1. Taking residue 250 as the residue in question, decide whether it is in contact (Cβ under 8 Å) with a residue 40 or more places away in the chain, open to solvent by 30 Å² or more (accessible area, probe 1.4 Å) and not in a loop (DSSP other than H, G, I, E, B).
2. Quick one: how many residues across region 376-390 are of a type in the set (A, V, I, L, M) and open to solvent by less than 10 Å² (accessible area, probe 1.4 Å)?
3. Does residue 304 count as part of a helix (DSSP H, G or I), more than 22 Å from residue 77 (Cβ to Cβ) and either acidic (Asp, Glu) or touching a residue at least 60 places away in the same chain (Cβ under 8 Å) (or both)?
4. State the number of residues belonging to region 357-375 that are touching a Phe, Trp or Tyr at 6+ places or on another chain (Cβ under 7 Å) and open to solvent by 40 Å² or more (accessible area, probe 1.4 Å).
5. Any residue in region 64-76 that's within 26 Å of residue 22 (Cβ to Cβ) and without any contact (Cβ under 8 Å) to a residue 60 or more places away in the chain: show its pairings with residues that are polar (S, T, N, Q) and open to solvent by 30 Å² or more (accessible area, probe 1.4 Å) at Cβ separation under 8 Å, as long as the two are six or more apart or on different chains.
6. Could you look through region 346-356, keep only residues that are polar (S, T, N, Q) and not in a loop (DSSP other than H, G, I, E, B), and pick out the one that is surrounded by the fewest Cβ atoms within 10 Å (Cβ to Cβ)?
7. Restricting to region 291-313, and then to whatever is open to solvent by less than 20 Å² (accessible area, probe 1.4 Å) and closer than 18 Å to residue 140 by Cα, can you tell me which residue is farthest from the chain's Cα centre (by Cα)?
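The values are calculated or read from the model by the stated rules, or taken from the named source; none is laboratory data. Only a predicted model underlies this, so the values are computations on that prediction, with no experimental measurement involved. Here the Cβ positions follow ideal geometry from the backbone for every residue, glycine too, while neighbour counts run over all protein chains shown. The accessibility values were calculated without ligands, DNA or RNA, using every heavy atom of the protein model including side chains. Shrake-Rupley method; radii C 1.70, N 1.55, O 1.52, S 1.80 Å.
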Amino acid sequence: MTSARFDIDVRPITQAEHPEWLRAVKTGFLQNPVISEEELAARSERFEVCRYLGAFDGDRCVATFRSFDQEVTAVGGGLISADAISSVTVTATHRRRGLLTRMMNQDLAAAKERGDTVATLIAAEYPIYGRYGFGPATQSAEWTVDIPRAGLDPRWSGPGDGGRIDIVDAEDVRKFGPELHERVRRLIPGVIDRDDWWWRLNTGAVRVEPKWKEPFYALYRGADGEVEGLVVYEVDDKWGDAKQPQDTATVRDLIAATPAAERALWSFLCSIDWVTGIKSGSRAPDDLLPLLLPDARAARVTSAVDWLWVRILDVVRALESRTYEGTGSLVLEVADRAGLTGGRFRLETSAQGASCTPTTESAELILDVADLARLWLGDESVVRLAALGRVQEERAGAALSADALLRTSRRPWCPDMF
């Protein structure tokens, strides 16, 4: 006999229950459910009371949910407090019992109480999270580059701008990477913060996977010696039938504080002896990469997907936290079935900033909070959403006016999984 829906206890887990909770996470994601002592010790560093939720059928954890503090970059470089959601699973035997809804409602209510402006997540399955007010706010693209076809100069031996590229080790990355990332994340909407644990995990100082393969690391320094770019990559070992090397370099991470650094790092990757192909890893959909190549068709799109999903918890703070590329005003009516935010607001924008205030004026656009999330970082078109019936235009031309205010010249991007 299966348990009734509310016989299952949904609550924060204790530290002692963390191993069982991790086992449930791996079971939900169809991974090897064995937890090594090394992995448990590493993950226990991040354990935070009341931010790890579990659903328990008797003594067994059958659903999991975790959140943690995060900062996400808004348009214009402002750093916004976010409730980052991760490790969401429901065991196959306990689906369709409202467990996710109970955990989500509990977490979002707590985030609202803390004063977080938005919640964020990376959605494993597209249809799930819209009903909780989330919308995809950034996209991710991946390219595979055929280097021999790209038309680059095979004699390239370094940047011609006075900068240099150095192969470094993991300790150098932990030394220079955090400061570089702090510069980069203020330049690109959608980028999230990276704490010390992230840097240790991604340089092998913390191990949660049974097999760690040490990658290669390279830094770009400008003419003044300042670190302006970082690339992390690994290379396979493949040879053709005629004993010709046909290696592929796969990028794990590439961040750059200047266009010169970004161009130099891609040029470096394309010039490595034996490497005939590059897999770019997750990039912004308008990344410089394809157009850096004399033959842009040598970069083939292999993935184009939604990435960072956002749930707005405070409409006023979210809209006032970003900058806008035009001057104007707009009256929005935002529906939120969960009652966490929403209402009717007048948004006024200028070069000096933006104000968003509740109003009783007639709405010019009516939309759901999930669709406002799609628009918040500037990556979606109001005109497009209106054509889809997701935005209701109450004043003729309001959607076009809104696009002039909300869209950005470069697309937002979140480079990280969490």
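1. Judged against the criteria, residue 250 is not a match.
2. Residues in region 376-390 being of a type in the set (A, V, I, L, M) and open to solvent by less than 10 Å² (accessible area, probe 1.4 Å): 3 in total.
3. no
4. Residues in region 357-375 being touching a Phe, Trp or Tyr at 6+ places or on another chain (Cβ under 7 Å) and open to solvent by 40 Å² or more (accessible area, probe 1.4 Å): 2 in total.
5. From residues that are within 26 Å of residue 22 (Cβ to Cβ) and without any contact (Cβ under 8 Å) to a residue 60 or more places away in the chain, the pairs are 69/81.
6. 350
7. Filtering region 291-313 for residues that are open to solvent by less than 20 Å² (accessible area, probe 1.4 Å) and closer than 18 Å to residue 140 by Cα, the one farthest from the chain's Cα centre (by Cα) comes out as 299.
For (1) under 30 Å from residue 148 (Cα atoms); (2) in a loop (DSSP other than H, G, I, E, B); (3) modelled with pLDDT of 95 or more; (4) open to solvent by less than 30 Å² (accessible area, probe 1.4 Å), each residue gets a yes or a no:
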site: 277; (1), (2), (3), (4): yes, no, yes, yes
site: 287; (1), (2), (3), (4): yes, yes, yes, yes
site: 333; (1), (2), (3), (4): no, no, yes, no
site: 338; (1), (2), (3), (4): no, yes, yes, no
site: 344; (1), (2), (3), (4): no, no, yes, no
